[in-house]
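Trainee: There's a structure below that I have some questions on.
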Amino acid sequence: MFVTSRRVRSACAASIVALFGFALGCGGDDDTSSPAAAPAAPAAEAPQAAAPPSPPPPAAKVTSRELPESFPKDIPLYPGAQSEVSLGMPGGPTLAAFTSSDSPETVLAFYVAELSSDGWTIEDEGGGRAALKASKENRSINIRAGKKATGETNISISTVTR
């Protein structure tokens, strides 16, 4: 709050000095025979108005077994996958984790086919890892799939708006 108050005072003081200078420069005629004006009293500091508080950033929502509202509607969900946990921030990044009984390779093949047919550009298919990266408009998506100790495949999907 101190920084804001100091800025407000500086801006007010600068404005008063500028107005005072403008008033002195905009006089009537150049008659030098009239008596000189008395020096002006120092300007009183304007009362400070409290700056309104900044709104808090949108809260991230962590859910279990359901997708956040901010999860993009044009990203398909893997058929039969069970939602484990998700995190989403309105207008921000999202992260969702699922499990499936299918292999990581089958899961990624599904996403390559589905995303490509929906206008996503596949940028990287993981180079031997069970991962892919794709983009569409101003968004990017990362999908990773890997075997868990239980034999199930863990699927993670993260999205970012650039």
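Trainee: Just the residues that are more than 23 Å from Glu152 (Cα to Cα) and either touching a residue at least 12 places away in the same chain (Cβ under 8 Å) or crowded, with 19+ Cβ neighbours inside 10 Å (or both), please, taken from region 68-114.
Mentor: Step one: of region 68-114, the residues more than 23 Å from Glu152 (Cα to Cα) are 68-74, 88-93.
Pro68, Glu69, Ser70, Phe71, Pro72, Asp74, Gly88, Met89, Pro90, Gly91, Gly92, Pro93, listed by residue number.
Trainee: Between Ala149, Ala131, which is in the same structural domain as Glu66 (by TED's automatic domain parsing), among the hydrophobic types (A, V, I, L, M, F, W, C), out of contact with any strand residue (DSSP E or B) (no Cβ under 9 Å at 6 or more places or on another chain) and closer than 24 Å to Glu66 by Cα? Can you show your working first?
Mentor: Working: Ala131 fails: out of contact with any strand residue (DSSP E or B) (no Cβ under 9 Å at 6 or more places or on another chain).
Being in the same structural domain as Glu66 (by TED's automatic domain parsing), among the hydrophobic types (A, V, I, L, M, F, W, C), out of contact with any strand residue (DSSP E or B) (no Cβ under 9 Å at 6 or more places or on another chain) and closer than 24 Å to Glu66 by Cα holds for just one of Ala149, Ala131, which is Ala149.
Trainee: Residues of region 121-156 being in contact with a Lys or Arg (Cβ under 8 Å, 6 or more places away or on another chain), touching a residue at least 40 places away in the same chain (Cβ under 8 Å) and not polar (S, T, N, Q), which ones?
Mentor: Within region 121-156, Arg139, Ile141, Ile155 meet the criteria.
Trainee: If you check Ala113, Ala97, which single one turns out to be among the hydrophobic types (A, V, I, L, M, F, W, C) and within 17 Å of Val160 (Cα to Cα)?
Mentor: Working: Ala113 fails: within 17 Å of Val160 (Cα to Cα).
None of the others qualify; the one that does is Ala97.
Trainee: Among the residues of region 79-110, write down those that are within 20 Å of Asp124 (Cβ to Cβ) and either outside the structural domain of Thr153 (by TED's automatic domain parsing) or of a type in the set (Asp, Glu) (or both).
Mentor: Once the filter is applied, which keeps residues that are within 20 Å of Asp124 (Cβ to Cβ) and either outside the structural domain of Thr153 (by TED's automatic domain parsing) or of a type in the set (Asp, Glu) (or both), region 79-110 yields only Glu105.
Trainee: Does Arg144 fit the bill of being among the basic types (Lys, Arg), at pLDDT 95 or above and more than 21 Å from the chain's Cα centre (by Cα)?
Mentor: Working: among the basic types (Lys, Arg): yes; at pLDDT 95 or above: yes; more than 21 Å from the chain's Cα centre (by Cα): yes.
Criteria met by Arg144.
The values are calculated or read from the model by the stated rules, or taken from the named source; none is laboratory data. For clarity, every value in this text was computed on a predicted model and none was experimentally measured. A quick note on method: Cβ atoms are made from the backbone with ideal geometry, for glycine too, and the neighbour counts reach across all protein chains shown.
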